[in-house]
Every structure is written in C-alpha cells, then in structure tokens.
1. Restricting attention to the range 54-75, which residues are of a type in the set (Val, Ile, Thr) and within 11 Å of the chain's Cα centre (by Cα)?
2. Cβ-Cβ under 6 Å, sequence separation 6+ or interchain: first residue in the range 119-146 and in contact (Cβ under 8 Å) with a residue 60 or more places away in the chain, partner not acidic (Asp, Glu) and not in a loop (DSSP other than H, G, I, E, B). Which pairs?
3. For the range 76-190, list the helices (runs of 4 or more DSSP H) that sit wholly inside it and hold at least 2 residues that are under 30 Å from LYS45 (Cα atoms), modelled with pLDDT under 95 and over 23 Å from the mean Cα position of the chain (by Cα); which are they?
4. Can you tell which of LYS66, LYS87, LYS101 is in contact with a Phe, Trp or Tyr (Cβ under 7 Å, 6 or more places away or on another chain) and among the charged types (D, E, K, R)?
5. Residue check: is ALA78 within 30 Å of TYR111 (Cβ to Cβ) and surrounded by 10 or more Cβ atoms within 10 Å (Cβ to Cβ)?
6. Yes or no: the range 44-65 includes at least one residue that is under 30 Å from GLY162 (Cα atoms), hydroxyl-bearing (Ser, Thr, Tyr), at pLDDT 90 or above and surrounded by 10 or more Cβ atoms within 10 Å (Cβ to Cβ).
Amino acid sequence: MSDSSAKWKWEIFIKLVTALGFLGTIGYGYYEYRLHEETREKERKFQQEQSFQHRQFELYKTFWEKRFEVYVDTCNSAATVANFMAKLSTSGDMQSLLANKPKSGFWKLYYGSLSIVEDKHVEVALFDFGQTLRKCENRIKNSQPPTVEHADLLKKQSLELGLACRASIREYWKTLEDVDRVKLSEFDKK
C-alpha cells in the first residue's frame, strides 16, 4: 500500500468518524430535548390538574361551609319549635304562650336554603319533622294544644334531624380525607 492510499483512507476514516460524531451529537441533543419536553409537559399537566383540583376543592368548601351553617340554623330552629310545642302541650295557659311564641324561622329554612343544600337523609328527617309540626299547628289553629305525644315526637324528630345533619357533615369530612389521600399519593409520585 502506498502512502497516499493510506493517507486517503485515514482522511476518509476521520471524516466518517467526524460525521458520525456530528450525527450522534445531534441525535443525543434531540433525545435530551424530547426528554425535557416530555418532563415539562408532564409537569404542566400535573400543575393544571392540581389547579383544577384546588378550584374544585374551593367550590366544594364554600358549598359545605354554607351547608354546615344552614344545618346548624335548622337544628336550632327545630329544637326551638320542639321545646315550644312541648311547653304548649303541658301548659294550661296556651294563649299567653302563643303571645310570646319564639321566632324560629323553621318554615323559611324548610322551603328556602335548606332545600338547596340538604342531602337525602336530612330531607327525610326534615320531612318527618315537618309533618308532625303541621299536626301540632293544625291543633293550635283549632284552639287546642298539641298532644303530648306529638310534642314528644317532635323532640325525638328534632334529635333525628340533628343526627342526620351530623352524618351528612361526617360524609364531607370523609370526602376531604379522600382528597388529601389523593394529593399525598400524587406528591409521592414526584
């Protein structure tokens, strides 16, 4: 082999290695670019999901805060009505008690804000309480005091309404625990 032939082979070899190195660098650069783009895309999607979950959580939080407020007002109102009817059922002076009848706002809650936020169990307990209250009110319209049985039933139903409200609130806290578990599991993936 001649020197010029060997030199020519070396030049071709060097040019080939240089071209392959150039192509390898471009390929590796593209690979790194895609890898970082995928990572950024995953992070962007994760951030969007977190943002959506946060907005959804805030919406639910507002709803549940209002629900809690209405439940407390309803339970207080039902207790006021039940205690008043119990006094009426055993009082000999119905007229003076009626003159000082406390304002409970029960029917306003019943037909108003409670009908927006109540769940099924609260609705049933509320309906039962309302039915018994109507019986008491009908007796009062006929100038008769509520029966002791109706007054006792109202007290019992007032407690049942409170328990139904508490169960509804407990469901909310269970939901919050589930949301927290999901958030923690997402955090662990990072």
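The values are calculated or read from the model by the stated rules, or taken from the named source; none is laboratory data. None of these values were measured; they are calculated from a predicted model. Every residue, glycine among them, receives a Cβ derived from its backbone with ideal geometry; neighbour counts consider all protein chains shown.
1. Hit for the range 54-75 is THR62, nothing else.
2. PRO146/MET85; PRO146/LEU88; PRO146/SER89; PRO146/CYS136; PRO146/ARG139
3. Those helices (runs of 4 or more DSSP H) span 148-189.
4. Matching residue, one of LYS66, LYS87, LYS101: LYS101.
5. Numbers: within 30 Å of TYR111 (Cβ to Cβ): yes; surrounded by 10 or more Cβ atoms within 10 Å (Cβ to Cβ): yes.
Criteria met by ALA78.
6. No, the conditions are met nowhere in the range 44-65.
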